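Below is one structure; the comments refer to it alone.
Each reported figure results from applying straightforward, stated rules to the coordinates on display, with no laboratory input. All values reported here derive from a predicted model rather than from experimental measurement. Positions of Cβ are generated from backbone atoms using ideal geometry, with glycine treated the same way; all protein chains shown enter the neighbour counts.
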Amino acid sequence: MRPLLLGTIFGTLIAFVWHLVAWELIPWHEKTMLTFDREDEVVAAIATHAPRDGTYILAKPGAAMLAGIRHGVPSFASFMIIQVLYLMAASFLLTWLMLQTSGLTYTRRVAFAAVVGLAASVMIDLPNWNWFGFSGAYTAVNLADSTITWALAGLAIAKVTR
């Protein structure tokens, strides 16, 4: 029980710190995102034509998907709390998975964590690229970020799951 708890705590902390670095200090995510011309007009059109918060898809062939929060964005603190909770759930699951392995060296356990991160991103980001037109650059950055996140968290998780 102790390795599961420690792996969850340390994995969460490391993943959270990496996300701060990856999103606030390294401009790679922002460089893959575009902005609208005449953004005020786009916001007004969405507010007028989107009846509620949600994910919308344009019905025309080749059109893109758009996610939107129509009635304002929750507070920054609420985003951070949700992020910590999902990182905690992911760290718990990764720690549990690592505890199911046996005979792996420390290095292989870290590699295992990195591959789990990559696999999770492959399952989410590649379908979004394929079906919804997410850019190749955006997808590549997410694949790399997820792999790095869980490799770094794996450094601590592998240590406590010996």
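Distances over 19 Å make up what percent of all Cα-Cα pairs in region 1-58? Walk me through the intermediate numbers first.
On the way: 1021 of 1653 pairs.
When every Cα pair of region 1-58 is considered, 62 percent fall beyond 19 Å.
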Legend entry - Candidates 11, 133, 54, ranked by Gaussian network fluctuation over the chain, Cα under 10 Å, top entry: 54
Inset, instruction - Report, by chain and number, residues whose modeled amide H sits under 5 Å from the one on residue 56, excluding near sequence neighbours (fewer than 5 apart, same chain). - result: 66, 67, 68
Inset, instruction - Using only Cα atoms, locate the centre of region 83-162 and the centre of region 12-55, then give the distance between them in Å, rounded to an integer. - result: 22
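What fraction of the Cα pairs in region 97-148, stated in percent, has a spacing above 17 angstrom?
Above the 17 Å cut-off, region 97-148 has 42 percent of its Cα pairs.
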Inset, instruction - Could you tell me the convex hull volume per residue, in Å³, taken over the Cα atoms of region 118-162? - result: 48
Inset, instruction - Can you work out the PRE-style zone for residue 122? Point 7 Å along Cα to Cβ, and I want the residues of region 128-152 with backbone N under 19 Å. - result: 128-131, 136-152
Legend entry - Relative contact order (%) - the chain, alpha-carbon pairs under 8 angstrom, separation at least six: 38
Inset, instruction - Measure of size requested: the Rg and Dmax of the chain, with Cα atoms as the atom set and Å as the unit; please supply both. - result: 18.7, 59
Inset, instruction - With a length cut of 20 Å (Cα positions projected on each helix's long axis) and a Kyte-Doolittle mean of at least -1.0, go through the chain and give me the DSSP H helices that pass. - result: 2-20, 76-99, 106-132, 136-160
